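Visitor: Below is the structure I would like to discuss, written out as structure tokens.
The values are calculated or read from the model by the stated rules, or taken from the named source; none is laboratory data. On a predicted model such as this, the values are computed, not experimentally measured, just so you know. Counting neighbours? That spans all protein chains shown, and the Cβs are built from the backbone with ideal geometry, glycine included.
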Amino acid sequence: MTEAAISVRDLKKSFDGATVLDGIDLDIPAGEVTLLMGENGSGKTILLSCLADGLHPTSGSISVFGSSADDARSNMNFMLQGGLLFSELSGRANGEFYADLHPHGTDDWEKIAERFDIADSLDDPVNDYSGGMVRKLELAITFGVDVPLYLLDEPTAELDLSAIDLVHALIEERRRDGHTIVLSSHTPADIQIADRIAFVRDGKIAATGSPEDLLETVPRVALARTRTVAEALREYVVEDRLFQSHEGRRGFIDAETDEATLPDDVSIAEPSWTDLFNYYAHIDESAVKHAKAVPQRR
């Protein structure tokens, strides 16, 4: 079994009496890409901040490369979405500042900025940047530090498809070199680069596993292309719940449903990565457990 870069045990975090993380147990393998998924507000960013020693847990333990998160800080780099750059400074001043600040900082951030096609804007103040340019500079600065562990908060948010492809390429390059990457996302496209996914829901880990293994646990999907058919379909799907897609409305076929009894004009499909996200991020835990107890049709 691959050695764990990070081990989390019974991690809890509360703010003013409100529990945000509620007993997290998680092992993150070294040299792999682990994707934290969940809807906004599920606790992903708070968990990453605790791993980076940016927040102190209320209780529980975190081990990073066999040491405390505090002792391991020089061996990691953390990109907090929207929390890295000084907006009144130029992009170049930001990059040089962080390259000098981190003990393992390098000048590679400039090369990465060129790959993101923002090199011509480095002398402009960051508050003139678009949201996508800010994210590209944050990523260039983060990957310009040569450390064993990268923690990335929503790295593909606000990026177009070509920029997302480049982010994925940068992550894969570092994985090939033996680095460990942990990223948070609620974008199904990011699943394709993950070795392992941990779904965070209501401050707990709802499911963990490889993308392929988790996809095998998701029920088949029924698709309705009209509103009338969708309403007739509800009683046949898990929690009577339908999700909007570009093709129409789709739901997870209940384990006790005979597919032959589905309404006319309903299409049946194998689940996609988007379905995987919707299943573990939105379907009630008790319904998921019931579905797991029944062999899925493949």
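Visitor: Picking from SER42, SER7, which residue would you name as being surrounded by fewer than 18 Cβ atoms within 10 Å (Cβ to Cβ) and either in contact (Cβ under 8 Å) with a residue 12 or more places away in the chain or outside the structural domain of TRP109 (by the TED database) (or both)?
Guide: SER7
Visitor: Which residues, taken from the stretch 60-71, are hydrophobic (A, V, I, L, M, F, W, C) and at pLDDT below 90?
Guide: Going through the stretch 60-71, the residues hydrophobic (A, V, I, L, M, F, W, C) turn out to be 62, 64-65, 69.
Listed by number, the list holds a single entry, ALA69.
Visitor: Please count how many residues of the stretch 191-225 are surrounded by fewer than 22 Cβ atoms within 10 Å (Cβ to Cβ), touching a Ser or Thr at 6+ places or on another chain (Cβ under 7 Å) and assigned to a strand (DSSP E or B).
Guide: Number of matching residues: 3.
Visitor: Also: Take PRO188 and tell me if it is surrounded by 14 or more Cβ atoms within 10 Å (Cβ to Cβ), in contact with a Leu (Cβ under 9 Å, 6 or more places away or on another chain) and on the phi < 0 side of the Ramachandran plot.
Guide: yes
Residues are listed down the side, and each one gets a yes or a no for (1) without any contact (Cβ under 8 Å) to a residue 40 or more places away in the chain; (2) among the hydroxyl-bearing types (Ser, Thr, Tyr); (3) under 15 Å from MET79 (Cα atoms); (4) part of a loop (DSSP other than H, G, I, E, B):
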{"position": "ASP120", "(1), (2), (3), (4)": "yes, no, no, no"}
{"position": "LYS136", "(1), (2), (3), (4)": "yes, no, yes, no"}
{"position": "ALA140", "(1), (2), (3), (4)": "no, no, yes, no"}
{"position": "LEU151", "(1), (2), (3), (4)": "no, no, yes, no"}
{"position": "LEU159", "(1), (2), (3), (4)": "yes, no, no, yes"}
{"position": "SER162", "(1), (2), (3), (4)": "yes, yes, no, no"}
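Visitor: Does ASP53 satisfy being under 25 Å from the mean Cα position of the chain (by Cα), in the same structural domain as ASP195 (by the TED database), part of a loop (DSSP other than H, G, I, E, B) and on the phi > 0 side of the Ramachandran plot? Don't jump to the end; show me each part of the working.
Guide: On the way: under 25 Å from the mean Cα position of the chain (by Cα): yes; in the same structural domain as ASP195 (by the TED database): yes; part of a loop (DSSP other than H, G, I, E, B): yes; on the phi > 0 side of the Ramachandran plot: yes.
Yes; evaluated as a whole, the condition is true for this residue.
Visitor: Output yes when any residue across the stretch 85-97 is in a loop (DSSP other than H, G, I, E, B), hydroxyl-bearing (Ser, Thr, Tyr), out of contact with any Leu (no Cβ under 8 Å at 6 or more places or on another chain) and closer than 21 Å to ALA194 by Cβ, and no when none is.
Guide: Here is the first cut: in the stretch 85-97, the ones in a loop (DSSP other than H, G, I, E, B) are 85-89.
Still in the list and also hydroxyl-bearing (Ser, Thr, Tyr): 87.
Still in the running and out of contact with any Leu (no Cβ under 8 Å at 6 or more places or on another chain): 87.
From the residues that got through so far, the ones that are closer than 21 Å to ALA194 by Cβ too are none.
The answer is no; no qualifying residue exists.
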